[in-house]
Amino acid sequence: MTERCELLLPADGVAIMGILNVTPDSFSDGGQHLRVDDALHQAMTMIGEGADIIDVGGESTRPGAKAVSVQQELDRVIPVIERIHGESAISISIDTSKAEVMRAAVAAGASLINDVRALREDGALQVAAELDVPVCLMHMQGKPRTMQQAPKYRNVVQEVRDFLAGRIEAAAEAGIAGNKLIVDPGFGFGKALGHNFALLRGLAQLQSLGRPILIGVSRKSMIEEVTGLPLQQRLHASVTLALLAVQNGASIVRVHDVAPHRQAIRMMEAVSQTGAED
Ligand code: YH5
C-alpha cells in the first residue's frame, strides 16, 4: 500500500491539481496588478470547482519556449502565490526547477514543489531538503527544447521507473524524507505517442516505488495526434486519459479544467466504493 503524502492528500480518493500558468501569453497585458487579479480569479474559480491544489508556474516547458531568468520567474509567481495564500487555505504548489524560486515560493505560501526536472538543477536537492515540503519528482528524457525530436527507449516503463527510483535515492541522500515524495512519469516530456500510451497502460508498475503517482495529460499533444483537435477542444479526451490513469493507480491529476474532472472522478470513485448492499 502506498503511504499517503504528508498533509497533502485527501485521506482516500483522488486529488485534483488545477493548473495556473503565470506566463505572459496566458494573461491579459494590463500590467502587474491586473495580472495578479486575473490569476487570483482563475485560482478561486478552480477552488470553487473542487481543486485540492493550485499549481502555479512561471516557466513554459513547451518545446521551443524561451528560458526565463530567476528574477523573471520570481516576478511572475511570487505576487500570485502571496495573493492566493492571503485569500484561501488551498494547498499551493510551485512548478519550478530553480532553487531560489522554490525558497521564495514556500516563504510566500506554497506547500508543495512540482519539479519537471526532478531536483537535478544546481542547489535544488539541498533547498528542497531544507524547506521540508512534499516534492513531485517528474521523469523527462532530454531537455524541453529538443526532447520531442527523437525520443528513444528500449522499455519505456522500466526506464522511467528506474529513473524515478534513482531520484528517490538522490532525494534520500540529500535528507528528504521518503514520505514527502510524489512520482510522475512525465507524459509528453521526451516521449512519442506509443511511449505515452505504454506508460498509461503500465502505470500500475510505478506503484512498486511506494509513492503516490501524479499525472499530467490535460490537453497534451498526444490528444492532437489521435484526434487532430486544437487545444481548446481537447476536454473530453483529457478526461478520458485522466480516468484511465486513475484506474491504473494515479492519485493526483494535474488539469486545466477542474469541474469536469471532479465530476468524472467522483463518479468513478462512487462505482468502486458503493456495494450492492448500500
Ligand atoms: C506534468 O505532466 N506538465 S507543463 C502541452 C500542452 C498542454 C499542456 C500541447 N508541468 C506536467 O501541461 N508537471 C507540465 O499542449 C507538469 N507533470 C507535472 N508534475 C506541460 C503541459 C502541457 C503541454
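The values are calculated or read from the model by the stated rules, or taken from the named source; none is laboratory data. No experiment lies behind these values; they were computed from the predicted model shown. Because the Cβ atoms are built from the backbone with ideal geometry, glycine has one as well, and the counts that use them run over all protein chains shown. SASA here: full protein model, heavy atoms, side chains in, ligands and nucleic acids out. Shrake-Rupley method; radii C 1.70, N 1.55, O 1.52, S 1.80 Å.
Counted residue by residue at 0.36 nm each, then reduced by the alpha carbon distance between them, the extension gain from L229 to A170 reaches 17.3 nm.
When only alpha carbons of the chain are considered, Rg and Dmax amount to 17.8, 58 Å.
Take the Cα of T45, step 7 Å along the line toward its Cβ, and report every residue of segment 89-113 whose backbone nitrogen sits under 20 Å from that point. Those under the cut-off are 89-93.
For segment 42-91, applying the loop criterion from DSSP together with a ceiling of 10 other beta carbons within 10 Å to the trypsin sites (Lys or Arg not before Pro) yields K66. When the accessible area of segment 80-185 is split by element with a 1.4 Å probe, what percent falls to carbon and sulfur? Its accessible area is 45 percent carbon and sulfur atoms.
Compared with the alpha-carbon gap, the fully stretched path from N155 to T240 is longer by 28.1 nm at 0.36 nm per residue. Bridgeable aspartates and glutamates around K66 (alpha carbons under 13 Å apart, same-chain partners fewer than 8 residues away excluded): D25. In segment 106-203, one over the average inverse separation of all distinct C-alpha pairs is 14.1 Å, which is the Kirkwood hydrodynamic radius. Amide H contacts for A51 (H built 1.01 Å from N in the peptide plane; partners 5 or more residues away or on another chain; cut-off under 5 Å): none found.
Taking only protein heavy atoms and a 1.4 Å probe, the accessible area of segment 196-262 is 54% carbon and sulfur.
Above 19 Å, the calculated P(r) of segment 46-161 contains 50 percent of its Cα-Cα pairs. Annotation: lysines with alpha-carbon distance below 18 angstrom to K191 (same-chain offsets under eight excluded): K143, K152, K220.
I need the Debye-formula profile for segment 163-211: one equal scatterer per C-alpha, no solvent, reported as log10 I(q)/I(0) at q = 0.18, 0.19, 0.25, 0.32 1/Å, two decimals. At q = 0.18, 0.19, 0.25, 0.32 Å⁻¹ the computed log10 ratios are -0.62, -0.67, -0.94, -1.20.
The simple spin-label model puts a point 7 Å past each Cα toward its Cβ; for T146 and H33 those points are separated by 4.6 nm.
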